[in-house]
Amino acid sequence: MTIRPLRESGASESVRMRVTFWPDSTESEAMGRIGMSSSEDVTFVVEGDHGGLAGFAEVDLRKWAEGCR
């Protein structure tokens with residue numbers, strides 16, 4: 001199993017997975033959330049054994065946290 005940051009070549013497959021997990025979202029909303037446009041938002045993907053993507057995890061850095069001042 002290989003885990004790596006999402007590359008542009010896998011964006012459409014990542015969008016397909018997001019829409020499958022969250023069917024109320026649109027493809028354009030999913031494309032805006034895949035974390036390739038910012039150094040603070042990153043999408044990691046799992047490469048499947050037979051090619052293609054098998055899963056993803058999204059990481060987002062925030063400048064705040066609940067309960068902190």
*Heavy-atom surface of the chain, accessible at 1.4 Å and reported per residue (Å²)*: 77
_Run the helix sum for the chain: -39,500 (n - 2.57) per DSSP H stretch of 4+ residues, divided by residue count, reported at 222 nm to the nearest 500 deg cm²/dmol._
-7000 deg cm²/dmol
*Express the carbon and sulfur contribution to the solvent-accessible surface of the chain as a percent, rounded to the nearest whole number, probe 1.4 angstrom.*
53
*So for the chain, taking the charge dipole from beta-carbon charges (+1 Lys/Arg, -1 Asp/Glu), which of Thr43, Gly10, Leu53 sits furthest toward the positive end?*
Thr43
*If eta is 1.002 mPa s and T is 20 °C, what Stokes-Einstein diffusion coefficient results for the chain, Kirkwood Rh from Cα pairs, in µm²/s?*
166
*How far is helix 11-21 tilted off the main Cα axis of the chain, in degrees rounded to 10, range 0 to 90?*
70
*Loop-resident sites, the chain, for chymotrypsin sites (Phe, Trp or Tyr not before Pro), counting at most 15 other Cβ within 10 Å (DSSP)*: Trp64
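The values are calculated or read from the model by the stated rules, or taken from the named source; none is laboratory data. Note that this is a predicted model, so its numbers are computed, not measured. As a convention, Cβ positions derive from the backbone with ideal geometry for all residues, glycine included, and neighbour counts pool all protein chains shown. We work out accessible area using only protein heavy atoms, side chains counted, and drop any ligands, DNA or RNA first. Shrake-Rupley method; radii C 1.70, N 1.55, O 1.52, S 1.80 Å.
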